[in-house]
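After the structure tokens below, expect a handful of questions from me.
The values are calculated or read from the model by the stated rules, or taken from the named source; none is laboratory data. These figures come from a predicted structure and were not determined experimentally. Here Cβ is always computed from backbone atoms with ideal geometry, including for glycine, and neighbour counts include all displayed protein chains. Accessible surface areas use protein heavy atoms only, side chains included; no ligands, DNA or RNA. Shrake-Rupley method; radii C 1.70, N 1.55, O 1.52, S 1.80 Å.
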Amino acid sequence: MKKHGPMTSCWLLILVLLFSCSSAHTDVFTSIGHMTDLLFTERDLVTSLKDYIRAEENKLEQIKKWADKLDVLSAAAAQDPEGFLGHPVNAFKLMKRLNTEWGELESLVLTDMSDVFISNLTIQRQHFPNDDDQVGAAKALMRLQDTYQLDTNTISTGELPGSSSSLRSVLTADDCYDLGKVAYSEADYYHTDLWMVQALRQLSQGEASNTVDTVTILDYLSYSVYQQGELDRALDYTKRLLELDPAHQRANGNLKYFEYQLTKQKKMEEREEEETEGRRRKGRPDDYLPERKKYEELCRGEGLRMTPRRQSRLFCRYHDNNRHPKYVIGPVKQEDEWDRPHIIRYHNIVSDKEMEKVKELAKPRLRRATISNPVTGVLETAHYRISKRRATVHDPQTGKLTTAHYRVSKSAWLGAFEHPVVDKINQRIEDLTGLDVTTAEDLQVANYGVGGQYEPHFDFGRKDEPDAFEELGTGNRIATWLLYMSDVQAGGATVFTDVGASVWPKKGTAVFWYNLHASGEGDYRTRHAACPVLVGNKWVSNKWIHERGQEFRRRCGLQEDH
């Protein structure tokens, strides 16, 4: 049985640790705030690794010096062994070397210099991301690709709109292949096609790969394009694969099948069109969100444009909320973002110091989130449902395909009692809006991760949700206050999909709107979403204000406001 040396055992242990990370801290990718901790963790590990390398190099240098000395000594002795040992000093030193010094050398060789590094790695690995995080980050890249209509080469080269050239990072062919595999595991053959083609392109340009070859990529590609109904391309990829590997069993079987299907298609074109209509379509997977197209257009800034007449009715003003004592001398800047529904932005409403304190309080308790629960208001995980189609062609990867979750933000709740700065922000909201915040929900703080988004939703409870917020006993959510606590280099807009409004993040500003008409009926024009963050780190906090306590602050009206 072959024995492993100490160096081999050391690195086997390192690999085991790296690939058996604890799953206690999952969904790291859903918050940039948490991901920054990983950068510092990795930096510490790199420092520890360099210390280990230096220790190993010093050890090898000692062994090399000993070997060089013995090499010279044994060369001289080999010329006249008897004469060499005839010298009593040489004879004594030979006995000493074999009895003592070779034992010391053995101890040196067997000394494990990795103890400190392994100990550090063991401690830190509990914070490492797991497979779900890696898959989530990959799907986030594809979400950005679709929303902002980016081609794979733009993402691969890191040349994203708004990104700094000094911070750009490129995707290798291996990275592109991994993205394609994630898409494939979701039966998302559209993105599998895009990313496998990009990986193939980079390999053909001479890029070296450590994990994948052209044959494997062509195998995935032929199957994926077949699933999209492109028999010609599927046949072409299969033929290219067989040129490289004529004995490829699956490809040989698929070649015959594709050729048969093409012949059949030519003979019975009309019938074939009807039979394969459901499968023969190229594009993104079926989506559960009916307004996906409009949502993404708004995220790209391609939404509805107001008429000049409507635009002329939007104003900027100094606001003191009917001569509120705090703002008579120093009113705040107020800007109309939209008219119907009326969306207002307050400028320079909180200081950098206050925002940093809110982030500091929230960061330790951030939890994953995506969709708002209308009863509790807590953000919850949502399903991203992707249709799966059966095929008679051999699948290049076995295993059951399952619908995956994606989480794209983390949130925390802060009560007014937790720190004076939270209480101060709550009071400021009340002073500026004129609404009572004592019945409002706690301040919710959210940090968006890679491709972070919050899909279209209503903040208020609808008629088909009669028990919404019943446990709170404070009525429906009458209004929403949304504070932007960071600038975002690209993406991250708040969009109102029903009316076509796009509100862009600006640090230190807050937007405010009513979710309910004066009659108490829900304003369905307020359906809104947070667009994916393309480049940057998005921090927001929001306050959901409820009906109770507003009876004399916002009078009821029989007519719905316009």
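Looking only at the range 311-341, filter to residues that are open to solvent by 50 Å² or more (accessible area, probe 1.4 Å), over 19 Å from Glu430 (Cβ atoms) and touching a residue at least 24 places away in the same chain (Cβ under 8 Å); which one of those is farthest from the chain's Cα centre (by Cα)?
Step by step, filter the range 311-341, then rank; the result is Arg313.
Further question on the same structure: Can you work out which of the residues in the range 408-433 that are in a helix (DSSP H, G or I), of a type outside the set (D, E, K, R) and in contact (Cβ under 8 Å) with a residue 24 or more places away in the chain is surrounded by the most Cβ atoms within 10 Å (Cβ to Cβ)?
Among them, the one singled out is Ile425.
Kindly establish whether Lys543 is closer than 30 Å to Leu160 by Cα and at pLDDT 95 or above.
Against the criterion (closer than 30 Å to Leu160 by Cα and at pLDDT 95 or above), Lys543 does not qualify.
Still on this model: Which of the residues that make up the range 33-59 are surrounded by fewer than 14 Cβ atoms within 10 Å (Cβ to Cβ), hydroxyl-bearing (Ser, Thr, Tyr) and within 27 Å of Glu356 (Cβ to Cβ)?
Thr36
While we're on this one: Checking the condition closer than 19 Å to Thr192 by Cβ and without any contact (Cβ under 8 Å) to a residue 60 or more places away in the chain, which residue from Thr154, Thr100 passes?
Thr154
Checking Asn321 against (1) at pLDDT below 50; (2) at positive phi, which single condition isn't satisfied?
So Asn321 meets the others, but not (1).
Taking Asp287, is it on the phi < 0 side of the Ramachandran plot, open to solvent by less than 100 Å² (accessible area, probe 1.4 Å) and modelled with pLDDT of 75 or more?
In short, no.
Name every residue in the range 146-160 that is part of a helix (DSSP H, G or I) and open to solvent by 10 Å² or more (accessible area, probe 1.4 Å), in order of residue number.
Selection gives Asp146, Thr152, Asn153, Thr154, Ile155, Thr157.
Could you list, in sequence order, the residues of the range 81-125 that are in contact with an Asp or Glu (Cβ under 8 Å, 6 or more places away or on another chain) and of a type in the set (Phe, Trp, Tyr)?
Correct list: Phe117 only.
Another question about this same structure. List the number of the failed condition for Trp338; all other conditions in (1) over 26 Å from Gln453 (Cβ atoms); (2) at pLDDT 95 or above hold.
Trp338 satisfies all of (1) over 26 Å from Gln453 (Cβ atoms); (2) at pLDDT 95 or above except (1).
OK, next. Give me the residue from the range 500-518 that is open to solvent by less than 20 Å² (accessible area, probe 1.4 Å) and among the aliphatic types (A, V, I, L, M) and, out of that set, farthest from Val540 (Cα to Cα).
Leu516
Is there any pair with a first residue in the range 133-144 that is acidic (Asp, Glu) and a second that is assigned to a helix (DSSP H, G or I) whose Cβ atoms are under 7 Å apart and which are 6 or more apart or on different chains, and what are they?
Once the first residue is acidic (Asp, Glu) and sits in the range 133-144, its partners that are assigned to a helix (DSSP H, G or I) give Asp133/Val28; Asp133/Phe29.
Additional query: Give just the number: which of (1) crowded, with 18+ Cβ neighbours inside 10 Å; (2) at pLDDT below 95; (3) assigned to a helix (DSSP H, G or I) does Trp195 not satisfy?
Trp195 satisfies all of (1) crowded, with 18+ Cβ neighbours inside 10 Å; (2) at pLDDT below 95; (3) assigned to a helix (DSSP H, G or I) except (2).
Can you list the helices (runs of 4 or more DSSP H) found entirely within the range 61-118 that contain at least 1 residues being open to solvent by less than 70 Å² (accessible area, probe 1.4 Å), polar (S, T, N, Q) and touching a helix residue (DSSP H, G or I) at 6+ places or on another chain (Cβ under 8 Å)?
Helices (runs of 4 or more DSSP H) meeting the threshold: 88-96.
Hey, does the range 455-464 have a residue that's free of Cβ contacts under 8 Å to residues at least 24 places away in the same chain and not β-branched (Val, Ile, Thr)?
So far as the range 455-464 goes, yes, one or more of its residues are free of Cβ contacts under 8 Å to residues at least 24 places away in the same chain and not β-branched (Val, Ile, Thr).
Residues in the range 45-62: is at least one within 26 Å of Ser114 (Cβ to Cβ) and over 47 Å from the mean Cα position of the chain (by Cα)?
no
Related question: Quick one: in the range 392-425, of everything that is basic (Lys, Arg) and in contact with a strand residue (DSSP E or B) (Cβ under 8 Å, 6 or more places away or on another chain), which residue is modelled with the lowest pLDDT?
The residue in question is Arg407.
Can you tell me which residue within the range 260-284, out of those that are at pLDDT 80 or above and surrounded by 14 or more Cβ atoms within 10 Å (Cβ to Cβ), is farthest from Gly452 (Cα to Cα)?
Going through the qualifying residues, I end up with Lys264.
For the range 354-364, which residues satisfy the criterion of being open to solvent by 20 Å² or more (accessible area, probe 1.4 Å) and either over 13 Å from Ala446 (Cβ atoms) or more than 19 Å from the chain's Cα centre (by Cα) (or both)?
Scanning the range 354-364 gives Glu354, Glu356, Lys357, Lys359, Glu360, Leu361, Pro364.
Please note which strands (runs of 3 or more DSSP E) are completely contained in the range 471-562 and include at least 3 residues that are farther than 26 Å from Gln427 by Cβ.
Answer list for the range 471-562: 533-535.
Of all residues in the range 204-249, how many are part of a helix (DSSP H, G or I) and open to solvent by less than 80 Å² (accessible area, probe 1.4 Å)?
23
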